[in-house]
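A short write-up of the structure that comes next.
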Amino acid sequence: SELIRGFLLSGMPCPSSCPPGLLALMAPGLALMATFSLPSQAGDRRALPVEKPPGVKGRTLILLDVNTKSPVRIISENFLSLQLDPSIIHDGWLDFLSSRRLVTLARGLAPAFLRFAGKRTDFLQFHNVKNPAKSRGGPGPDYYLKNYEDDIVRSDIALDKQKGCKIAQHPDIMLELQREKAAQMHLVLLKEQFSNTYSNLTLTARSLDKLYNFADCSGLHLIFALNALRRNPNNSWNSSNALSLLKYSASKKYNISWELGNEPNNYRTLIGRSVNGSQLGKDYTQLRSLLQLIRTYSKAHLYGPNIGRPRKNVIAFLEGFMKVAGGTVDAVTWQHYYIDGRVAKVTDFLKTRLLDTLSDQIRKIQKVLNTYTPGKKIWLEGVGTTSAGGMNNLSDSYAAGFLWLNTLGLLASQGIDVVVRHSFLDHGHNHLVDQNFNPLPDYWLSLLYKRLIGPKVLAIHVAGLQRKPRPGRVIRDKLRIYAHCTSYHNHNYVRGSITLYIINLHRSRKKIKLAGTLRDKIVHQYLLQPYGKDGLHSKLVQLNGQPLAMVDDGTLPELKPRPLRAGRTLVIPPLTMSFYVVKNVNALACRYR
């Protein structure tokens, strides 16, 4: 059996009886997840009725092997991608995207898509003017607003003189004034969000130039979502403003992919008038025809419909869309938020039921696609830990990383091609980078993922030695293990290496013994833990005991591993996330791109 094989490969003799229920073996599957929990009742203290294999200490030993012959999934090189919300026009942060520090942080997560979309997508109007300051609105004391906008103008003039990638050095006082303005605007944006009533936004040609410059300098591919709520009297899409934007972008030879609208299933709550799936499908067909008339975009990619959580009415919307435009889009997109940010608690991020809510959604989306367009790629866009802008010291803390890393592992194992994180920089507390341009815990988690994880997903084999669960007791999957080929872009590791990433939601440490093809290999550990006295609420993290911070505005820190001797048992601390590169496995699945 696979179980006995696992023991033999690990060098441990299987107990002679191997009674059913004592050893749990998880076969390879699409969800590469291991579950091991121990009863916590004080009365359940009886010793195991079997002899412990040599070298087994403590209550639990997990044996882990990986199928190295072939991957079970292959995802996009841009799997972990980013989003910017149009609200950055409102609060002024778009003018600071040329900051060297922001470009450095974004470049660390390349290659990736940069999706420019969000709640305000369908209130965005393009205006082909170059005036960078006069048309800018927003609150701000009179004593500084004029000087502040004059500084923006001077910064733009300096940028225009640069060739190629345009990078700005903004004075500290200028950034401080911007933070004051953004803090005031944050209240306005939150009021709009909670009332579900949004004001119109104007995107100037100058602003589009800045957005594209940021994407291009950072090695990101821009995806721009056009306003779908400009409607003709017969409810068809009015493409006149979109055409103006497309022509301007083409004149600049901007390499952009396109979308139309954001959460179109919610339009009735926004404007009191709905757009059904088949009508949006016709609108997408119209947009495709429009793109084909413009030489620069005749072969541009088109993604959609970016529906919300796939409830019954949303599935009906998707079915109507797929009937009309299933062959028009290059990937089908939807979005998901786990928790209402207004009521979230730190314990929410540790709930396994919450971590698993995506699985059911994936099945619903896949069922529709298998009916209309089998094999069509699926993207999860606009994913965030919490809605409503998130909560300070929670959705921007170390604790939020459990949801984020599990989302990456679960989606990859289910074959979702791309996941777009909302947001790289934004108002609220769901972002990867704060308004001081400092990376938050989810940024460092994403950076490690980018550096270590390749697109090939591998199946794992797990056997656990544990106590018998009490009758009727549900065993929670609080230890989650995923495996990929190590990233080909990481030149510290030869091809054929394997990277494991592990989430331990238990409040006790867990031990993992590598078996089979992974046995007796040198392992590099990347253990990410909160730094400082705030624990799970911390906005600072440490890697193998060393705090992570940028070296300077143009330099990210070196991510140094901790080498473990060959054959050493992996000890996973409680409530942590970690990556383990198993070197020189020479895995057949990982030798070639």
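The values are calculated or read from the model by the stated rules, or taken from the named source; none is laboratory data. Everything quoted here is computed from the prediction, not taken from an experiment. In this analysis, Cβ positions are derived from the backbone assuming ideal geometry, glycine residues included, and neighbour counts consider all displayed protein chains. To get the accessible areas, we keep the full protein, side chains included, count just its heavy atoms, and leave off ligands, DNA and RNA. Shrake-Rupley method; radii C 1.70, N 1.55, O 1.52, S 1.80 Å.
Summary table
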quantity	calculated
Ratio Rg/Rh, restricted to segment 220-282 and using Cα atoms, in which Rh is the Kirkwood radius	1.02
Length added when fully stretched, S274-Q292, from 0.36 nm per residue minus Cα-Cα	3.7 nm
Accessible area (Å², 1.4 Å probe, nearest 10) - D151	40
Added length on full extension, which subtracts the Cα-Cα distance from 0.36 nm per residue, N235 to N586	120.6 nm
Under 15 Å, Cβ to Cβ, from Q286 - net charge with Lys/Arg +1 and Asp/Glu -1	+2
Potential extension, A566-T347 segment - 0.36 nm per residue separation minus Cα distance	75.2 nm
Around W237: net Lys/Arg minus Asp/Glu count, Cβ-Cβ under 9 Å	+2
Residue-level accessible surface for Y372, protein heavy atoms, 1.4 Å, Å²	80
Accessible-area value, I315, 1.4 Å probe, nucleic acids and ligands omitted, Å²	30
For segment 273-309 versus segment 523-547, the gap between their alpha-carbon centres in whole angstrom	44
Heavy-atom accessible area order for T357, T352, largest first, 1.4 Å probe	T357, T352
Three-way shape label, segment 489-593, alpha-carbon gyration tensor, a/c 1.5	oblate
Per-residue ³J(HN,Hα) for segment 531-545, Karplus 6.51 cos²θ - 1.76 cosθ + 1.60, θ = phi - 60°, Hz, x for Gly and Pro	10, x, 7, 7, x, 5, 7, 5, 9, 10, 10, 10, 10, 6, x
Cα-based reach from K521 at 20 Å (exclusive), listing lysines while leaving out same-chain residues under 8 positions away	K69, K510, K511, K513, K560, K583
For segment 366-428 and segment 217-248, distance of Cα centres in Å	24
Heavy-atom surface of segment 254-305, accessible at 1.4 Å and reported per residue (Å²)	43
Spatially proximal lysines relative to K377 (Cα-Cα < 22 Å; intrachain offsets below 8 disregarded)	K282, K299, K312, K323, K364, K367, K450, K456
Solvent exposure, largest accessible area first (probe 1.4 Å, DNA, RNA and ligands not counted), of C165, C217	C165, C217
